[in-house]
Amino acid sequence: MTSPAIQPCFLGPYGENDALLEKLVVEFLRDHVYWRRNFHPEDPPAIPTGAAGEPAFREFEARMRRELHALSASLKRSVPFHSPRYIGHMVSDLLLPGLAAQFLTLPYNPNNVSIDAAPVTIDLELKVGLQLARLFGYVDDPSRADCAFGHLTSGGTLANFQSLRLALATKAFPVALRAVAPPLVPLPEDDWSAFNLAPSAAVALLSAWNGFLAACSPKERRLWRQRLSAERLETLGLAGFLAKHPELSTPRVLAPVTAHYSWSKGMKLMGLGRAQLELVPERGMRTNPDALEDMLGRCHRERQPVLMVVGVMGSTEFGTIDPLDALVAARDRWAAAGLGFCVHVDAAWGGYLTTLFREADGRLRPLADMREEFRDFPAPEVHAAVAALGRADSITVDPHKLGYIPYGAGAFLCRDQRAMQLLAEDADYVFSPGDDGDFFQRFRQLGRFIPEGSKPGAAAAAVYVTHKVLPLDHEHFGALPRESILATEAFRTAATRFAARLEGRLACRIPFEPDSNLICLALNPAGNRDVATMNRFVRELHRGLSFDPRQPLQSREFFGSMTTLRPEVLGPEETDRVLASLGLDPATLDAGGEDDDRLVILRHTLMNPFLLDTGNGISYLEMYFDYLERQAMRLVGGAAA
Ligand SMILES: *Cc1c(COP(=O)(O)O)cnc(C)c1O
């Protein structure tokens with residue numbers, strides 16, 4: 001049954017909390033108007049009192065109303081994300097505190113590019129970074145030099161891109177510094193070792209360099225800075241930099257086979273090239289640490305630099321979680337062996353699940369306590385992975401996914417704020433000089449550090465207020481992922497019953513046990529051995545679960561999504577296992593026909609807060625399986641008899 005704690009959090013599937021939201025919107029709109037009037041109340045109104053009665057005014061208003069009505073009418077064809085009948089993509093209803101904070105902030109229109117344009121919301125954004133830092137186990141005390149730093153982005157795609165930028169800057173800086181050879185700074189002995197420092201050692205070197213600069217006269221300092229700047233990869237470009245350092249080559253990124261396609265985009269955007277993105281073989285759709293070890297060993301032997309190893313917390317297709325503890329351990333081991341790289345965790349989807357693992361005082365919850373709330377969650381491996389988050393060099397998390405915040409609110413976090421200096425852009429026309437000052441002062445010129453320029457302060461306000469109303473621990477925000485994980489466990493129970501009920505008519509399998517709240521179903525009519533036939537069947541089922549602009553919304557009972565399993569990603573063993581479990585003939589896979597090179601499966605995102613019985617006897621999950629049975633039996637036709 002849905003927890004009462006969740007009842008005031010959302011507008012609700014039926015708009016149940018409409019009066020509350022309406023009151024908030026009107027109240028704070030009025031409040032904004034008073035703020036305008038009170039700036040200089042002695043200024044007379046610029047728009048005359050009688051203006052609204054003029055024909056031109058009324059004509060404008062009529063046009064505006066017409067267009068707004070047209071917009072509102074067409075938006076009725078939107079996808080009903082708010083409904084518990086929507087279990088498709090990674091989106092659901094919006095948290096009221098975030099929605100209200102967004103509405104409230106919009107008319108002030110703050111621009112979080114810099115403090116001049118956003119005196120209030122910039123600090124909220126920096127505080128959001130600290131709130132998320134604490135969630136993940138990073139240092140969140142801004143008075144400490146090694147405090148973490150985080151900022152918002154338009155989404156996970158750009159946060160992942162920012163992680164590549166920072167990793168490359170961190171890797172290349174020691175090489176540039178060697179070329180400049182400032183006295184008194186302990187430098188790596190050759191380019192290869194400079195390019196292969198542990199990320200923490202590169203930050204230590206940066207601090208030593210800052211210490212050296214601080215002791216210089218202002219004029220000397222300028223000269224040294226210019227010299228360094230001339231040697232940096234960011235100045236020379238990758239080609240120019242590598243030409244100067246022939247021992248080095250373009251570094252690779254090792255990512256799991258489940259990696260989101262933003263990684264491919266990022267490689268292209270960085271100019272590293274898609275070919276430098278190598279996929280690490282999986283085990284159950286999680287990075288296989290042995291395979292990773294082999295790859296790193298090969299890179300080491302071949303003197304192939306590695307920029308980053310990516311771990312995914314909550315894969316986009318399967319909800320699986322990589323063994324992050326093994327990744328950070330590999331980083332430390334290989335750095336000691338002379339192959340340095342960063343570990344980035346792409347927790348765009350799964351990051352907020354961490355709230356379930358956090359005590360209110362910030363400690364990690366013991367596994368045993370958590371297991372009392374759930375049937376299987378979390379697996380001990382998942383608990384170990386979450387415990388290792390604080391050791392990752394950087395993290396992506398999307399408040400606009402499991403944070404239930406309006407788009408676009410992604411977030412990038414780095415473990416040690418000192419590294420961010422390497423990304424700083426000197427745009428004097430926007431920013432006053434000086435990197436010094438305290439944490440907030442330094443990052444208030446946010447535009448210097450982020451990929452974007454102008455960006456919405458309203459998004460920062462939405463995330464901040466949400467985290468204040470629902471602190472990021474299991475007693476508060478955790479109520480949401482708790483509901484979602486319970487719904488996933490209920491879904492699995494229902495799927496098992498469904499499979500048993502349809503035994504002999506339909507094979508229904510969960511191809512990969514998820515670690516989170518995303519779950520796939522592979523469905524094959526009994527007796528069918530042909531891959532292409534199964535794919536046609538599942539595509540047809542999916543058609544009934546997807547949006548069709550030509551059909552009224554109400555013609556859809558449920559919304560779901562689909563994905564595919566490709567043998568080149570699965571590897572031969574897993575492919576055979578999945579095929580056998582569905583009764584498929586391996587000879588029909590990739591037999592040269594249409595649509596037979598992969599398996600099409602249904603994918604379900606169980607983040608709607610009202611999936612479980614809310615006390616009125618309706619379980620949307622049970623209804624979904626009834627629906628699926630009807631559709632599947634209709635498609636297999638008379639054969640069901
Ligand atoms: C959604 C997602 C992304 C991309 O995030 P956007 O907010 O859509 O840009 C990246 N990685 C993972 C694992 C995701 O689930």
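Inspect all residues belonging to segment 168-178 and state whether any of them is over 25 Å from G240 (Cα atoms), touching a residue at least 12 places away in the same chain (Cβ under 8 Å) and touching a strand residue (DSSP E or B) at 6+ places or on another chain (Cβ under 7 Å).
no
Within segment 82-106, how many residues turn out to be closer than 25 Å to R444 by Cα, surrounded by 20 or more Cβ atoms within 10 Å (Cβ to Cβ), over 20 Å from the mean Cα position of the chain (by Cα) and of a type in the set (A, V, I, L, M)?
Here the count works out to 3.
Over 30 Å from P552 (Cβ atoms), among the acidic types (D, E) and surrounded by 10 or more Cβ atoms within 10 Å (Cβ to Cβ): which single residue out of E61, E42, E67 fits that description? Walk me through it before giving the result.
Values: E42 fails: surrounded by 10 or more Cβ atoms within 10 Å (Cβ to Cβ); E67 fails: over 30 Å from P552 (Cβ atoms).
Residue meeting the stated conditions: E61.
Can you pull out every residue in segment 349-365 that is of a type outside the set (A, V, I, L, M, F, W, C) and farther than 22 Å from N517 by Cβ?
Residues of segment 349-365 of a type outside the set (A, V, I, L, M, F, W, C): 350-352, 354-355, 358-359, 361-363, 365.
Hits for segment 349-365 are D361, G362, R363.
If A591 passes every condition in (1) open to solvent by 50 Å² or more (accessible area, probe 1.4 Å); (2) of a type in the set (A, V, I, L, M); (3) in contact with a His (Cβ under 8 Å, 6 or more places away or on another chain) but one, which one does it miss?
(3)
Filter segment 247-288 for residues that are open to solvent by less than 40 Å² (accessible area, probe 1.4 Å) and in a helix (DSSP H, G or I); which is nearest to the ligand (Cβ to nearest atom)?
That would be S262.
Going through segment 341-361 one residue at a time, which ones are more than 16 Å from the ligand (Cβ to nearest atom) and either in a loop (DSSP other than H, G, I, E, B) or open to solvent by less than 10 Å² (accessible area, probe 1.4 Å) (or both)?
Keep residues of segment 341-361 that are more than 16 Å from the ligand (Cβ to nearest atom), which gives 341-342, 355-361.
Within segment 341-361, F341, T355, L356, F357, E359, A360, D361 meet the criteria.
When R303 is evaluated against the numbered criteria (1) open to solvent by 60 Å² or more (accessible area, probe 1.4 Å); (2) within 13 Å of the ligand (Cβ to nearest atom); (3) not hydroxyl-bearing (S, T, Y), which criterion, by number, is the only one it fails?
If we test R303 against (1) open to solvent by 60 Å² or more (accessible area, probe 1.4 Å); (2) within 13 Å of the ligand (Cβ to nearest atom); (3) not hydroxyl-bearing (S, T, Y), just (2) comes out false.
What number of residues within segment 373-412 satisfy the criterion of being away from the ligand (no atom under 11 Å from the Cβ) and among the hydroxyl-bearing types (S, T, Y)?
So the count comes out to 2.
Run V203 past the list (1) open to solvent by 30 Å² or more (accessible area, probe 1.4 Å); (2) over 12 Å from A176 (Cα atoms) and report the number of the one that doesn't hold.
It fails just one condition, (1).
Working only within segment 531-559, note down all residues that are open to solvent by less than 70 Å² (accessible area, probe 1.4 Å) and without any contact (Cβ under 8 Å) to a residue 60 or more places away in the chain.
T533, D548, S555
Hey, could you check segment 107-154 for residues that are crowded, with 20+ Cβ neighbours inside 10 Å and hydroxyl-bearing (S, T, Y) and say which is nearest to G457 (Cα to Cα)?
T121
For segment 362-386, give me the residue count where each residue is more than 24 Å from A487 (Cα to Cα) and either touching a residue at least 40 places away in the same chain (Cβ under 8 Å) or open to solvent by less than 10 Å² (accessible area, probe 1.4 Å) (or both).
First, pick out the residues of segment 362-386 that are more than 24 Å from A487 (Cα to Cα): 362-363.
Narrowing further to those that are either touching a residue at least 40 places away in the same chain (Cβ under 8 Å) or open to solvent by less than 10 Å² (accessible area, probe 1.4 Å) (or both): 362.
So the count comes out to 1.
Just give me the residues in segment 309-329 being touching a helix residue (DSSP H, G or I) at 6+ places or on another chain (Cβ under 8 Å) and away from the ligand (no atom under 14 Å from the Cβ), in sequence order.
Answer for segment 309-329, where residues must be touching a helix residue (DSSP H, G or I) at 6+ places or on another chain (Cβ under 8 Å) and away from the ligand (no atom under 14 Å from the Cβ): V309, P323, D325, A326, L327, V328.
Name the pairs whose Cβ atoms lie under 8 Å apart, with the first residue in segment 40-58 and at pLDDT 95 or above, the second of a type in the set (A, V, I, L, M), and 6 or more positions between them or separate chains?
Here the result reads F57/A51; R58/A52, each pair linking segment 40-58 to a residue that is of a type in the set (A, V, I, L, M).
If you scan segment 51-86, which residues turn out to be more than 16 Å from the ligand (Cβ to nearest atom), assigned to a loop (DSSP other than H, G, I, E, B) and either closer than 29 Å to G403 by Cβ or among the hydroxyl-bearing types (S, T, Y) (or both)? It would help to see each step written out before you state the result.
From segment 51-86, those more than 16 Å from the ligand (Cβ to nearest atom) are 51-78, 80, 82-86; that's our starting set.
Now narrow it down to the ones that are assigned to a loop (DSSP other than H, G, I, E, B): 54, 76-78, 80, 82-85.
Matches in segment 51-86: K76, R77, S78, P80, H82, S83, P84, R85.
Output the residues belonging to segment 1-43 that are part of a loop (DSSP other than H, G, I, E, B) and aliphatic (A, V, I, L, M).
Step one: list which residues in segment 1-43 are part of a loop (DSSP other than H, G, I, E, B), which gives 1-3, 7-9, 11-17, 38-43.
Within segment 1-43, M1, L11 qualify.
Hey, among the residues in segment 133-166 that are within 16 Å of the ligand (Cβ to nearest atom) and of a type in the set (A, V, I, L, M), which one's farthest from H474 (Cα to Cα)? Can you show your working first?
Here is the first cut: in segment 133-166, the ones within 16 Å of the ligand (Cβ to nearest atom) are 136, 150-165.
Those still in the list that are of a type in the set (A, V, I, L, M) too: 152, 158-159, 164.
Numbers: L152: 23, L158: 28, A159: 25, L164: 31 Å.
Among them, the one singled out is L164.
The values are calculated or read from the model by the stated rules, or taken from the named source; none is laboratory data. Remember, it's a predicted structure, so these values are computed and weren't measured experimentally. When we count neighbours, we look across all protein chains shown, and the Cβ atoms used for this are built from the backbone with ideal geometry, even at glycine. Protein only, heavy atoms only, side chains kept; ligands, DNA and RNA dropped before computing areas. Shrake-Rupley method; radii C 1.70, N 1.55, O 1.52, S 1.80 Å.
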